[in-house]
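Single-structure report; data block below.
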Amino acid sequence: DEFRFSNRGREGKAFTIFKAFPSERNTEDVRPYSDLEDTSPASDKPASIVIRDFRSGDGEAISRLIYSNYTYSYFKAIFYYPKKIREMNEKGEIASVVAQEKKGKIVGHFALVRVHDSRIAEVGVAVVHPNYKGHGIMNAMLARIMELAEEMRLSAVFGEALMMHPYSQRANLRHVFGESALILGLVPESMSLTDSHEVHTQKRSAVLVGFKVLEKEKKRRITVPSCYRKLI
């Protein structure tokens, strides 16, 4: 009887349908449906998944993956905008890698996020569709990310693993990242995962920073402040 549409910016889009029913209607399931949800079965084996570099039409699928893992709570909100994802890849600000199944559906994303005016990049924005987790896709994408870092002649990479999600820490450790810092309160309390392995918390969460040097450093003389000399 009535249809309404509203654009809520970062919070997404809202479609509302009003329908008058006769009073004797049955109690059918009328839960809301979202076109961002995906009910494809996790029937593909790892061998059927192709890991490849970003293509210009991948932005929308990546945004959908972010939604399928975080709904609208991901704290790096720029990745909800397909156009921004494409532009950042074209400008070299990020280098995305995706996992694509045999029918063409993108089920995973990982990226190198360049640190401005440096030869260092963050490995992050790592998501796998909930129906495809547990098949080694995340590790396969990270392996390609590390190859890209070598090809881009980066001197080092780092990753910020969510403390509320222990599984995100294991991939960095598997690729021999050195744990170097704990940043408290970086992740807002509003962020949540659709993963059953998430550690639920009502407070701001921390990230564990892992660092990996790719380019062999030359020996350099440094000055250690006297107040820290004994500790270092």
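Annotations for the structure displayed:
- Subset of region 90-105 [of a type in the set (A, V, I, L, M) and closer than 11 Å to I51 by Cβ]: V97, V98, A99
- If only residues of region 166-185 that are open to solvent by less than 80 Å² (accessible area, probe 1.4 Å) and more than 24 Å from P130 (Cβ to Cβ) are counted, the one that is modelled with the lowest pLDDT is G185.
- Counting the residues of region 92-114 that are free of Cβ contacts under 8 Å to residues at least 40 places away in the same chain and in contact with an Asp or Glu (Cβ under 7 Å, 6 or more places away or on another chain) gives 2.
- Residue in region 113-135 that is nearest to the chain's Cα centre (by Cα), counting only those that are assigned to a strand (DSSP E or B) and of a type outside the set (V, I, T): A126
- Residue match in region 114-124 (condition: surrounded by 14 or more Cβ atoms within 10 Å (Cβ to Cβ) and at pLDDT below 90): yes
- The set of residues in region 93-103 that are surrounded by fewer than 18 Cβ atoms within 10 Å (Cβ to Cβ) and either of a type in the set (V, I, T) or at pLDDT below 90 (or both) comprises K102, K103.
- Residue that is within 11 Å of the chain's Cα centre (by Cα) and closer than 27 Å to R8 by Cβ, where the choices are K76, K83: K76
The values are calculated or read from the model by the stated rules, or taken from the named source; none is laboratory data. None of the values given here were measured: they were computed from a predicted structure. Note that each Cβ is placed from the backbone with ideal geometry, even for glycine, and that neighbours are counted across all protein chains shown. Please note that ligands, DNA and RNA were not included when accessible areas were found on the heavy atoms of the full protein model with its side chains. Shrake-Rupley method; radii C 1.70, N 1.55, O 1.52, S 1.80 Å.
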